[in-house]
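K.L.:
Mind looking over this structure? Questions follow.
What follows draws every value from the coordinates through simple rules; no lab data is involved. As the structure is a prediction and not an experimental result, all values here were calculated from the model. Cβ placement follows ideal geometry from the backbone for every residue including glycine, while neighbour counts extend to all protein chains displayed.
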Amino acid sequence: MKVFVCIKQVPDTETKIKLKPDNSGVDFTGVKWVMNPYDEFAVEEAIKMKEAGKAQSVTVFSVGPKTRVVETLRTALAMGADDAVVIDAPEDLDPSATAKALAGAIKAEGEFTFVLTGKLAIDDNAASVSQMLAENLGAAQATVVSKLEVAEGMATAEREVEGGTREVTQMKSPAVIGANKGLNMPRYASLPGIMKAKKKAIKELTLDGVGVSAADIRVRHKNFQMPAEKPAVKMLAGDAKAQAAELAKLLREEAKVL
């Protein structure tokens with residue numbers, strides 16, 4: 001069986017974000033790019049499935065500017081993935097068009113059993129591509145998955161739900177699985193793996209080639225704003241009664257939440 005993994009290249013978490021002068025987007029000059037952390041769990045789980053004999057091959061997909069996205073695809077190849085596909089697209093493609101592009105590329109590869117993704121990307125926190133991808137593929141879907149068992153075309157996924165409880169879902173393939181932290185411990189790419197990944201060919205596709213047109217791009221005009229600076233912390237003095245009275249006053253007169 002074939003297992004596919006969808007990954008996204010995102011700015012490193014320590015990157016200082018700057019906006020363009022017109023606030024139309026983020027200025028990516030000098031940004032360090034890495035694989036989305038939640039997607040690392042998806043790649044690792046797919047490789048573990050192959051190593052356990054539950055998958056014949058692992059193919060990774062990514063949507064974005066091919067000149068830089070291929071670096072993250074090669075990281076996945078160095079970890080142990082077999083093949084990689086890049087869909088060349090603008091860096092600000094919206095989740096709906098992204099999901100349709102991934103679905104078109106996956107369908108072009110033929111039959112599959114499972115598609116693994118991260119539960120969300122840390123740059124926009126949309127947490128929607130996995131679900132929309134499943135809809136486009138006509139597949140079952142579960143996200144926020146922290147434990148996964150697959151056998152004979154069936155997947156048993158354990159996922160976190162509200163209230164600190166866990167939900168267990170069984171699905172027949174094909175299915176899309178959104179990986180969460182705790183699913184596994186992603187491996188580091190080995191030096192031999194890195195050297196082999198440099199020599200592997202990466203299949204290149206266009207948005208037109210996977211059935212995505214300009215009409216599919218829903219989000220076109222954006223107005224980004226940096227969060228407001230947090231006010232300085234106020235320390236309350238006196239005994240508990242005096243502090244409670246002062247806190248109530250501040251909540252009523254300054255915060256205006258009472």
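K.L.:
Share of antiparallel DSSP beta bridges in the range 2-216, in percent to the nearest 5?
P.N.:
Details: 18 of 45 bridges.
Looking only at bridges with both residues in the range 2-216, the antiparallel portion is about 40 percent.
K.L.:
If you filter the range 5-37 for trypsin sites (Lys or Arg not before Pro), then keep DSSP loop positions with at most 11 other Cβ within 10 Å, what is left? Present the calculation step by step, with values, prior to reporting the outcome.
P.N.:
On the way: sites: K8, K16, K18, K32; in loops: K8, K16, K32.
Here the sparse-neighbourhood loop sites are K16, K32.
K.L.:
Let me ask another. Which GluC sites (Glu not before Pro) from the range 152-248 combine a DSSP loop assignment with at most 10 other Cβ atoms within 10 Å?
P.N.:
On the way: sites: E152, E158, E160, E162, E167, E204, E229, E246; in loops: E152, E229.
Filter output for the range 152-248: E152, E229.
K.L.:
Let me ask something additional. Once you order the gyration tensor axes a ≥ b ≥ c over the Cα atoms, which shape class does the range 2-216 get: rounded for a/c under 1.5, otherwise prolate or oblate by comparing a/b with b/c? Mind showing how you got there, number by number?
P.N.:
Details: a/c = 1.37, a/b = 1.27, b/c = 1.08.
In terms of gyration-tensor shape, rounded.
K.L.:
Report the relative contact order of the range 2-216, percent, no decimals, based on alpha-carbon pairs under 8 angstrom and at least 6 residues apart. The partial results should precede the final answer.
P.N.:
Working: 464 pairs, mean separation 54.4, N = 215.
Relative contact order here is 25 percent.
K.L.:
Here is a further query. Where both residues lie in the range 134-204, what percent of DSSP beta bridges are antiparallel, nearest 5? Each step should come with its number before you reach the end.
P.N.:
Details: 13 of 17 bridges.
Of the beta bridges lying entirely in the range 134-204, close to 75 percent run antiparallel.
K.L.:
Here is a further query. Expected output is a single nm value to one decimal: the length gained when fully extending between L236 and V257, i.e. 0.36 nm times separation in residues minus the C-alpha distance. What is it? Don't skip to the answer; put the middle values down first.
P.N.:
Details: separation 21, 0.36 × 21 = 7.56 nm, distance 1.82 nm.
Gain on stretching L236 to V257: 5.7 nm.
K.L.:
Next question. Holding the Cα-Cα limit at 28 Å, pick out from K200/K222; K16/K196; K100/K222; K16/K147; K100/K203 the pairs that are longer than that.
P.N.:
Too far apart for the 28 Å limit: K200/K222; K16/K196; K16/K147.
K.L.:
What does the charge count around Q56 come to, taking other residues whose C-beta lies under 11 Å from its C-beta (Lys +1, Arg +1, Asp -1, Glu -1)? Display every interim value, and only then the final one.
P.N.:
Values: positive: K2, K50, K54; negative: D82.
Result for the neighbourhood of Q56: +2.
K.L.:
Can I ask one more? List the residues, sorted by chain then number, that are 5 or more residues from D94 or on another chain and whose placed amide H is less than 5 Å from its amide H.
P.N.:
Counting only residues 5 or more places away or on other chains, the set is R218, V219.
K.L.:
Could you pull out the GluC sites (Glu not before Pro) across the range 23-120 that fall in loop regions by DSSP (anything but H, G, I, E, B) with no more than 10 other Cβ atoms inside 10 Å?
P.N.:
Values: sites: E40, E44, E45, E51, E71, E91, E109, E111; in loops: E91, E111.
Here the GluC sites (Glu not before Pro) that fit, given the DSSP loop and packing criteria, are E111.
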